[in-house]
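Undergrad: Below is a structure I'd like to ask you about.
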Amino acid sequence: MNVFITGASSGLGEALARLYAGQGHVLGLVARRGDRLQALVESLPGHHHAYVADVCDRQALHAAANDFIQKVEQVDVVIASAGISAGTLTEEMDDFGVFQSIFQTNVMATVSSFEAFIPGMLKRGAGTLVGIASVAGVRGLPGAGAYSASKSAVATYCESLRLELKPRGVGVVTIAPGYIRTEMTAKNPYSMPFLMDAGAFAIRAARVIDRQCSYRVIPWQMGIVAKLMRILPDWLYDRLAVNAPRKPRKSN
């Protein structure tokens with residue numbers, strides 16, 4: 001199987017790369033940090049293809065995708081795992097650029113990651129596109145307007161895409177992680193229930209992808225929390241969440 005993964009130099013992308021490489025698959029790996037990406041590729045079993053690119057650069061991302069397609073001919077799974085997070089406040093004028101960066105990386109780069117692969121998948125009537133949403137996108141969280149909204153957008157976009165492509169043989173899987181132990185969550189100054197190691201997450205995510213589940217929260221305990229969050233009336237959710245701990249804002 002041939003797998004294309006963005007955000008591969010750390011976090012969820014790195015964990016998924018290690019898992020799939022260990023299973024003998026051929027990978028196309030994209031990341032901004034060339035030194036870390038090269039170190040990862042050198043540590044993996046098998047022969048893989050590394051692409052140093054910013055996922056916000058659509059042209060560079062398409063070039064990487066097309067090169068990988070040319071080298072392996074058939075791409076079976078595309079995982080858009082690149083993502084960033086930061087606390088944001090609309091009242092802070094300096095946070096506008098952070099809003100833009102989060103949406104560009106988390107939402108628009110997901111679209112760019114999928115675009116180049118869809119024609120070939122449709123021609124074959126096979127293939128799987130995987131979007132990474134978040135439990136943080138189930139309801140808006142205080143101090144995380146950009147991140148919550150971006151991950152909600154990813155989930156809704158992938159749902160639309162699933163309806164468009166499923167009748168033609170292409171699967172779309174949405175995975176919503178809870179708290180996973182990565183560099184991103186290491187910055188959170190609050191307790192994180194059901195915290196899961198990235199390697200354990202990757203094992204469960206691969207099963208979800210293999211089973212072609214339309215939407216899955218990992219770990220399952222956070223799936224229960226997400227379902228409860230969805231059904232809470234606004235007045236009760238507001239009372240419970242208004243004083244929730246907040247993600248740190250970026251230093252300006």
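The values are calculated or read from the model by the stated rules, or taken from the named source; none is laboratory data. Everything numeric in this text was worked out from a predicted model, so none of it was measured. Positions of Cβ are backbone-derived with ideal geometry, glycine not excepted, and every protein chain shown enters the neighbour counts.
Undergrad: Surrounded by 21 or more Cβ atoms within 10 Å (Cβ to Cβ) and either modelled with pLDDT under 95 or out of contact with any helix residue (DSSP H, G or I) (no Cβ under 7 Å at 6 or more places or on another chain) (or both) - does that describe any residue in region 74-81?
TA: No, because not a single residue in region 74-81 is surrounded by 21 or more Cβ atoms within 10 Å (Cβ to Cβ) and either modelled with pLDDT under 95 or out of contact with any helix residue (DSSP H, G or I) (no Cβ under 7 Å at 6 or more places or on another chain) (or both).
Undergrad: Looking at region 207-252 only, could you name the residues that are surrounded by 14 or more Cβ atoms within 10 Å (Cβ to Cβ) and of a type in the set (Val, Ile, Thr)?
TA: Selection gives Val208, Ile209, Val217, Ile218, Val225.
Undergrad: Given Thr110, Thr88, Thr128, which one is out of contact with any Lys or Arg (no Cβ under 8 Å at 6 or more places or on another chain), among the polar types (S, T, N, Q) and within 22 Å of Met184 (Cβ to Cβ)?
TA: Thr110
Undergrad: Can you list residue pairs whose Cβ atoms sit under 6 Å apart, with the first residue in region 216-234 being closer than 14 Å to Met192 by Cα and the second being part of a loop (DSSP other than H, G, I, E, B) and of a type in the set (Phe, Trp, Tyr)? Count only pairs 6 or more apart in sequence or on different chains.
TA: Here the result reads Pro219/Phe194; Gln221/Phe194; Met222/Phe194, each pair linking region 216-234 to a residue that is part of a loop (DSSP other than H, G, I, E, B) and of a type in the set (Phe, Trp, Tyr).
Undergrad: Right, next: Please go through region 101-133 and pick out each residue that is in a helix (DSSP H, G or I), over 15 Å from Val30 (Cβ atoms) and either more than 17 Å from the chain's Cα centre (by Cα) or acidic (Asp, Glu) (or both).
TA: Of everything in region 101-133, those that are in a helix (DSSP H, G or I), over 15 Å from Val30 (Cβ atoms) and either more than 17 Å from the chain's Cα centre (by Cα) or acidic (Asp, Glu) (or both) turn out to be Ile118, Pro119, Gly120, Met121, Leu122, Lys123, Arg124.
Undergrad: Residues in region 223-243 that are more than 25 Å from Leu163 (Cβ to Cβ) and either assigned to a helix (DSSP H, G or I) or in contact with a Leu (Cβ under 6 Å, 6 or more places away or on another chain) (or both): how many?
TA: 11
Undergrad: Report, by residue number, each residue of region 155-175 that is under 24 Å from Leu228 (Cβ atoms) and either in contact (Cβ under 8 Å) with a residue 60 or more places away in the chain or of a type in the set (S, T, N, Q) (or both).
TA: Ala155, Thr156, Thr174
Undergrad: If I filter region 81-94 for residues that are without any contact (Cβ under 8 Å) to a residue 60 or more places away in the chain and part of a helix (DSSP H, G or I), do I get at least one hit?
TA: yes
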